[in-house]
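Encoded as structure tokens, the structure appears first; notes follow it.
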Amino acid sequence: MFGIRDRQLGVLVGLMFAPFALQLLGWAGTPLGAGPCGAIGMDQLMLEQPQAFFYAQIMLWGISLLMATGFFVLMLGFMHNGLIPKSQARPFLLVALGVGGFTALIYILTHTWGLPAPSPLGWLISGAEPTDAIGILILLALIAQIGLTLRWLGQAEVASPQAHQSRVI
């Protein structure tokens, strides 16, 4: 990826940007669907669907935070001439792991069972939301990002065993 010499980390940053880019396709009104954050200006307003609107906002925050985290890792690459120290990338990848995992979990739960959502009448429980191709692609990108992050963090642990040893002077 641009500015990052570690190929696996570059792919990981690309996967952090992918869900937001795919959601932009959903907002553009492609035949693939509206994505998990819903379409803007389509037939039914998101305000008429409290669960869909509430969890669409959570998904939008999740994919936005994931993209911002990828941007920070990319900036680390520019600051270090492409060679990012694993100790500096690790906190950002832990945040990406948490945000990506939470976002994927919200998507899976809202599209399989349905979750309660706040409304003016109180918490409403509704059924599962319909899925579309953009939503499936976003979920696959999130799962791939989670898997690659776990793999990268595992390799970082193996590569630096001295980090867990204490030195006596």
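General remarks:
- Any hit, the range 120-133, residues being hydrophobic (A, V, I, L, M, F, W, C) and crowded, with 17+ Cβ neighbours inside 10 Å: no
- Ala89 under 12 Å from Gln145 (Cβ atoms) and either at pLDDT 95 or above or surrounded by 17 or more Cβ atoms within 10 Å (Cβ to Cβ) (or both): no
- First in the range 119-133 and in a strand (DSSP E or B), second anywhere and of a type in the set (Gly, Ala, Ser) and modelled with pLDDT of 80 or more, Cβ under 9 Å, 6 or more apart: Trp123/Ala117; Leu124/Ala117; Ile125/Gly114; Ile125/Ala117
- Condition check for Ile138: at pLDDT 90 or above, hydrophobic (A, V, I, L, M, F, W, C) and either farther than 19 Å from Ala68 by Cα or not in a helix (DSSP H, G or I) (or both): no
- In the range 1-55, residue modelled with the highest pLDDT [restricted to those that are part of a loop (DSSP other than H, G, I, E, B), touching a Phe, Trp or Tyr at 6+ places or on another chain (Cβ under 6 Å) and surrounded by 16 or more Cβ atoms within 10 Å (Cβ to Cβ)]: Pro36
- Among the residues listed as Leu93, Leu121, Leu115, Leu83, the single one being within 19 Å of the chain's Cα centre (by Cα) and either more than 30 Å from Gly3 (Cβ to Cβ) or not hydroxyl-bearing (Ser, Thr, Tyr) (or both): Leu93
- Filter result for Ile143 (at pLDDT 95 or above and more than 26 Å from Asp6 (Cα to Cα)): no
The values are calculated or read from the model by the stated rules, or taken from the named source; none is laboratory data. Being a predicted model, the structure only gives us computed values, none of them experimental. Counting neighbours? That spans all protein chains shown, and the Cβs are built from the backbone with ideal geometry, glycine included.
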